[in-house]
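Here's the structure, in structure tokens; my notes come after.
The values are calculated or read from the model by the stated rules, or taken from the named source; none is laboratory data. This is a predicted model, so every value here is computed, not measured. Glycine gets a Cβ as well: all are built from the backbone with ideal geometry, and neighbour counts include every protein chain shown. In case anyone asks, the SASA skips ligands and DNA or RNA and just uses the protein heavy atoms, side chains included. Shrake-Rupley method; radii C 1.70, N 1.55, O 1.52, S 1.80 Å.
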Amino acid sequence: MNTYAFMDSIKAIYKIGLGPSSSHTMGPNKAAKIFLEKNPSASSFRVTLYGSLAATGKGHMTDKAILQVLGEERTEIVWRPNKVLDFHTNGMLYEALDESGAKTDEWLVFSIGGGNLSDGKEQVKEISDDVYHLNHMSEIQEYLEDNGLSFWEYVEQCEGPQIWDFLAEVWETMQASVKEGLSRDDRLPGSLNLRSKAKQYYVRGTGYKDSLKSRALITAYALAVSEQNARGETVVTAPTCGSCGIVPAVLYHQKIAHNFSDRDICKALATAGLFGNIIRTNASISGAEVGCQGEVGSACVMAAAAVNQLYGGTLQQIEYAAEMAMEHNLGLTCDPVCGLVQIPCIERNPIAALRALDVSFYALLGDGRHLVSFDHVVDTMKRTGKDLPSLYKETAEGGLASLSLNNSRNK
């Protein structure tokens, strides 16, 4: 392939912030901060939201994320769900106004997934340096085999030893979100009036034995983080808010039930971040762009690669587990009921966490040889996402989102 195009730091995959949506909450919140810094003396602001960002913005608390920064008294939010801009469906136009209402500055920016922004030409970066000299798995594997390196060693080589302090903070935040989520017994915000389930699932799960207990507890851990996200609490994108429960659930269980060290888990997070970064670079992690295969599918990939490494997987076995994780999430739609990151999002997190374990152990049974490469399945996901109708890409207009509110009460 020999592309040799640089790839961002895995810090772009793991972002610590408030839920419920990296695209709809973190991205707009960050854009508002940048625009306010450029226009501190503006008398008022007008923010126009386009496409998917406008269609599900209220359910995702997009307006609150923006108003938190710019101020509710001096900011007008304009919703344009039926206008989709060419570059990306999550478009935002920020305008600064003087006392007479005349425009003094404007900025068209796009929330492209995982809390990341783009001006339509290139990504608006918090981290200036591109750190990876390869961006396809086939190239990376060849390099690692030639140099006798593991995936996590490649991450350390490219990122520097300071990456471990960053991942330690990420892991600490993930654990905190699991623990806090397990302690809550309440109703989630929003019109669906859903009751949280993590605590009761955890209590019931402890009553099972052996493998059933493991699966029940992983389910509870994933629910705990996903419900924290739905509450708008602090989570880590892995790679997005909507899929934030999958990686923490799998890794937290490995620590609690199988005594893996925090150091081992941080190495697993490094490998997971590398796989997520390849997806982000060569396809998309935005549900509005490629559907939930880009969110839950990518998180399933990351968790599968991480746990496979923990259990001694070879480079080939880890890549195989990651490939299967995406292959069996291809075509997954993003169709949130009422535009909330709740149905089907919350349930998809524990299901994908369990699937990540299943494909990981499937890969460990063999020698890692298989026909479909990780690079090919990532490209397939991208093309599948482009073929999905917009109804199934976070607009809350088709699929499950077309259900009436009464029909969703049983959830």
Cα gyration tensor shape of segment 315-375, rounded if a/c is under 1.5, else prolate or oblate by comparing a/b with b/c: prolate
For the pairs LYS11/LYS58; LYS64/LYS103; LYS33/LYS267; LYS38/LYS179; LYS267/LYS386; LYS64/LYS267, note any where the Cα-Cα span goes beyond 30 Å. LYS33/LYS267; LYS38/LYS179; LYS267/LYS386; LYS64/LYS267
What angle do you read, to the nearest 10 degrees and between 0 and 90, between the alpha-carbon axis of helix 137-147 and the longest principal axis of the chain? 50 degrees
Counting only DSSP beta bridges with both residues in the chain, tell me the antiparallel percent, nearest 5. 75 percent
If you fit an axis through the alpha-carbon atoms of helix 27-38 and take the longest principal axis of the Cα set of the chain, what angle between them do you get, 0 to 90°, nearest 10? 50 degrees
Rounding to the nearest 10 and keeping the result within 0 to 90°, find how far the Cα-based axis of helix 163-183 lies from the longest principal axis of the chain. 80 degrees
Taking the Cα centre of segment 254-411 as origin, sum charge times position over the Cβ atoms of Lys and Arg (+1) and Asp and Glu (-1), and report the length of that vector in debye to the nearest 20. 260 debye
How would you order 61-71, 47-57 from highest to lowest mean count of nearby Cβ atoms within 10 Å? 47-57, 61-71
Express in nm, to one decimal, how much length is gained between ASP119 and SER43 on full extension, taking 0.36 nm for each residue of separation and deducting their alpha carbon distance. 24.9 nm
Considering only protein heavy atoms, with the full assembly of protein chains and a 1.4 angstrom probe, order TRP107, TRP171 by accessible area, largest first. TRP107, TRP171
Just how large is the dipole of the chain about the Cα centre, in debye to the nearest 20, putting +1 at every Lys and Arg Cβ and -1 at every Asp and Glu Cβ? 1760 debye
Largest to smallest principal axis extent of the C-alpha atoms in segment 258-410, angstrom: 47, 33, 23
Using θ = phi - 60° and the Karplus curve 6.51 cos²θ - 1.76 cosθ + 1.60, what whole-Hz ³J(HN,Hα) does each residue of segment 189-199 get, with Gly and Pro shown as x? x, x, 6, 6, 6, 6, 8, 5, 10, 4, 4
Between TYR362 and ASP86, the FRET efficiency computed from the C-beta separation at R0 = 41 Å comes out, to the nearest 0.05, as 0.50
Contour minus end-to-end for LEU36 and SER261, with contour as 0.36 nm per residue of separation and end-to-end as the Cα-Cα distance? 76.8 nm
Identify all aspartates and glutamates with a Cα-Cα distance to LYS199 below 14 Å; exclude those on the same chain that are fewer than 8 residues away in sequence. GLU180, ASP185, ASP186, GLU227
As a test question: what accessible area, to the nearest 10 Å², does CYS338 have when a 1.4 Å probe is rolled over all protein chains in place? 60 Å²
ASP210 accessible area, 1.4 Å probe, all protein chains in place, Å² to nearest 10: 130 Å²
Among THR206, ALA220, ALA272, whose Cα sits farthest toward the positive end of the charge dipole of segment 172-317 (+1 at Cβ of Lys/Arg, -1 at Cβ of Asp/Glu, about the Cα centre)? THR206
Given 254-265, 14-25, 300-311, the highest-first ranking by average Cβ count within 10 Å works out to 300-311, 14-25, 254-265
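Given a cut-off of under 8 Å on Cα pairs at least six residues apart, what relative contact order in percent is computed for the chain?
19 percent
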Given a cut-off of 18 Å, what percent of all Cα-Cα pairs of segment 27-103 lie beyond it? 35 percent
As a check on your grasp of the helix formula, calculate [θ] at 222 nm for the chain: sum -39500 (n - 2.57) over DSSP H runs of n ≥ 4, divide by the residue count, round to the nearest 500. -15000 deg cm²/dmol
When Rg is the radius of gyration of the Cα atoms in the chain and Rh is its Kirkwood radius, what does Rg/Rh come to? 0.97
Cut-off under 5 Å, modelled amide H: who pairs with VAL124 long-range: LEU117, SER118, ASP119
Cysteines (scope the chain) whose Cβ has no counterpart Cys Cβ under 4.7 Å: CYS158, CYS241, CYS244, CYS266, CYS300, CYS338, CYS345
Taking the dipole of segment 105-187 about the Cα centre (Lys, Arg +1; Asp, Glu -1; charges at Cβ), the one of CYS158, VAL124, LEU144 that reaches farthest to the positive side is VAL124
With every protein chain in place, the chain: carbon and sulfur % of accessible area (1.4 Å): 48 percent
Return one whole number: the accessible area per residue of the chain in Å², for a 1.4 Å probe. 40 Å²
Taking the mean number of other Cβ atoms within 10 Å as a proxy for protection, how do you rank 236-243, 74-81 from highest to lowest? 236-243, 74-81
